Every structure is written in C-alpha cells, then in structure tokens.
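The values are calculated or read from the model by the stated rules, or taken from the named source; none is laboratory data. None of these values were measured; they are calculated from a predicted model. With ideal geometry, Cβ positions are generated from the backbone for all residues, glycine too; neighbour counts draw on all protein chains shown. Accessible surface is based on the protein model in full, side chains and every heavy atom, while ligands, DNA and RNA are left aside. Shrake-Rupley method; radii C 1.70, N 1.55, O 1.52, S 1.80 Å.
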Amino acid sequence: MQIGLLNRMLAILATLAALTVACMVVAILYTRGSQDFFQTARPLDAYGAYLAMPAVALGLRLNLGLDNLFMIFYAAFFVVLSIRLRDMLDSRLLSTALAAMMLTVVLDSIENHHIMTMVHSIEAGLPVSPVDGQLQMIASQVKFHASYLGVLLFSFGFLQLGRLGRVIAIALWCYIPCGVLISVIPVEQAKALVLGRTIFFVFAFILSAALFFSQAETSGQETSGPNIR
C-alpha cells in the first residue's frame, strides 16, 4: 500500500478519534454523566442514586455510544499505524504493540457493554451484585494498562517521524505515568490525573492528524514530481 494513502488514512482516523473524544468531553461537562463512575467499585445504592438523575443517565448513554464509536476509530488507527511503521520497527515489536491495543479494544468493548448491562439491570429492578462493580474495576484497569504498553511501543515509531512525531511520543509517555498513578491512589484524589490522561491522549491524536496530513501532502508532491514539458 502506498505511503501517501496510509498517511491520509491515519490523518482521517486520528481526526475522527479526536473529534469523538471532544464530543464525549462536552457531553460529560453538560450532563455530568460518564462511564468513569462505573469504573470504580461502589456500594450498590450509589449506582442507583447516580442513575436517578435524568441528565446523568442520558449523558451516560450518550457517552457510552460515543465511546463505542471511538473504539472503532482508534482500533483502525493503530492497525493502519502498524502497517505504516513496518519499515521502521521490528515486526515482533509492532506485533506486540498491536496485540496490546487490540486487547485494549476488546476490554473496552466488554467494559462498555457490561456497564450498559448494569444500567439496564438497575433500571429494570433486576439484581446487581457488588461483584459486578469489582470486576468492572479490574477490567477497566487492565484495559488501560494494556493501552500503556501499546502506546509505549508505538511511540518508538513516532520518534522516527520528525519533530512533530517526537512531540507525539512525549505526549504518549506523559499518558502512561498519569494512568499508573490513577490505578493506585484514592478515587477522589485522581480526578485531575484522569483529566490529564484524557488530555494527553487526545492531544496525541490531534498532533497525529496534523503530522499525517502533512506527510500525505509531502508524499503526494513527491509522487507527482515536477511537471516538465
């Protein structure tokens, strides 16, 4: 596949991923509803009280729908990225990086659909166990840690894509310690870090869109070459 086409695909996917997360953030700010609440084990009545607020319940459903869309975009992005970087990184490293990101996608999907199952059960008066919240917390943390491994390995490829690529790599490196700290400190103290983790990840997608749009234009000019008569 031509490098120019891969660059355009990556630019488009990065743009779609960044826009989707931006919409999620706006929805969270307006409704206060987010799946983040369900990513921590809580007393059963806390979930019911959370969903009792109409705006929150609507925001949660909207957020989960957007997150399901985001999964498709970022999964496709990393698949194409692994193809784009195949001449720059060892195939074993790329395979491990892609496997980590695909595990992230699988766990993200399980997480979202499990949360929706909990929401449906609570609204329908069906029994929900404290174990549901505990398993949800484990799945969420494993999901994020799989993504940390994936982005760390992919960052070595970004380092070879010029100055902007190095900035993206740094943003991805910042994403990792934020997430690791979130997993070990009390929930109420982690809110700023959760926001920071989101900012670094979205920032990386925005910069990736700029990087690959620029590289797509460059590769297109190189392909066309000078028009000599």
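By definition, a body whose alpha carbon gyration tensor gives a ≥ b ≥ c is prolate when a/c is 1.5 or more and a/b is larger than b/c, and segment 28-148 fits this prolate description. If you plug the beta carbon distance of His113 and Ala41 into 1/(1 + (r/R0)^6) with R0 = 22 Å, you get a FRET efficiency near 0.75.
Residue separation of Val131 and Ile72 scaled by 0.36 nm, minus their Cα-Cα distance, works out to 18.4 nm of gained length. The string of couplings for segment 186-192 from the Karplus curve (6.51, -1.76, 1.60, θ = phi - 60°) is x, 4, 5, 8, 9, 4, 5 Hz, one whole number per residue in order, with x for Gly and Pro.
Once the Cα-Cα distance is subtracted from the 0.36 nm per residue extended length, the Val26 to Glu188 segment shows a gain of 56.2 nm. With all projection directions averaged, the alpha carbon convex hull of segment 151-225 covers 5.1 nm².
Basic side chains Lys and Arg get +1 at the Cβ, acidic Asp and Glu get -1 at the Cβ, and with that the dipole of segment 48-171 about its Cα centre reaches some 480 debye. Projecting the Cα atoms of Tyr50, Thr15, Met88 onto the dipole axis of the chain, where Lys and Arg carry +1 and Asp and Glu carry -1 at the beta carbon, places Met88 farthest toward the positive end. Dipole of the chain computed with +1 at Lys/Arg Cβ and -1 at Asp/Glu Cβ about the Cα centre; of Gly4, Leu107, Val25, farthest Cα towards the positive end is Gly4. In sequence order, segment 15-24 has phi-based couplings of 5, 5, 5, 5, 5, 5, 5, 4, 5, 4 Hz under the Karplus curve 6.51 cos²θ - 1.76 cosθ + 1.60, θ = phi - 60°, and Gly or Pro positions carry x.
Across segment 1-141, the mean sequence separation of Cα contacts (distance under 8 Å, 6 or more residues apart), normalised by length, yields a relative contact order of 34 percent. Here the accessible area of segment 44-124 is 70 percent carbon and sulfur, with a 1.4 angstrom probe and all protein chains present. What FRET efficiency do you get for Ala52 and Ser121 if R0 is 25 Å and r is their Cβ-Cβ distance, rounded to the nearest 0.05? The formula returns an efficiency of 0.95 here.
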